[in-house]
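Chemist: Sharing a structure with you now.
The values are calculated or read from the model by the stated rules, or taken from the named source; none is laboratory data. Please read all numbers here as calculations on a predicted model, not as lab measurements. Glycine also receives a Cβ, built like all others from the backbone with ideal geometry; neighbour counts cover every protein chain displayed.
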Amino acid sequence: PMLYGVILMVLALYKTVVVWRESAGFGQHSLVKVLIQDQAIYFIMVVFCSVMQILSKQVEAPDAVLADLLSILGSPSLLSVLGSHLLVHLKETGERGANGGISYRMTTMSSIGFS
């Protein structure tokens, strides 16, 4: 599973370089910038939590507080909270008008005809 994550991260970074070169930066592509930043942060946190989980299982802590701290830092619930934060961050970026913005509160109706 970690190899799969590394491959996805490398592909995302490659796409970032392509977008960066084509548009001379992320000036008009702030949504892409947010996606890449959030993906990098999430990937680093997955690796961090995995290492902490391994340490909590392999290393015998001298006291219970350190053992509990390693267990908490390696907890998958930390990744769940981070994932929720990343989704909210992406939604806020879209609402700010990045790349033209998105809106689910349309003021006009399209003229769709049903037969």
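Chemist: Restricting the first residue to the range 71-84 and requiring it to be closer than 16 Å to residue 61 by Cβ and in contact (Cβ under 8 Å) with a residue 12 or more places away in the chain, which pairs with a second residue that is surrounded by 12 or more Cβ atoms within 10 Å (Cβ to Cβ) and among the hydrophobic types (A, V, I, L, M, F, W, C) meet a Cβ separation below 6 Å and a spacing of at least six or different chains?
Modeler: As it stands, the answer is 73/52; 74/49; 74/52, since those pairs meet every condition given.
Chemist: Identify, by number, the condition in (1) at pLDDT below 80; (2) surrounded by 15 or more Cβ atoms within 10 Å (Cβ to Cβ) that residue 49 doesn't meet.
Modeler: Evaluating residue 49 over (1) at pLDDT below 80; (2) surrounded by 15 or more Cβ atoms within 10 Å (Cβ to Cβ) leaves (1) as the failure.
Chemist: Do the conditions hold for residue 70, that is, is it surrounded by 12 or more Cβ atoms within 10 Å (Cβ to Cβ) and touching a Leu at 6+ places or on another chain (Cβ under 8 Å)?
Modeler: Yes, satisfied.
Chemist: To continue, here is another question. Any idea which of (1) part of a helix (DSSP H, G or I); (2) at pLDDT below 80; (3) among the basic types (Lys, Arg) is the one residue 105 doesn't satisfy?
Modeler: So residue 105 meets the others, but not (1).
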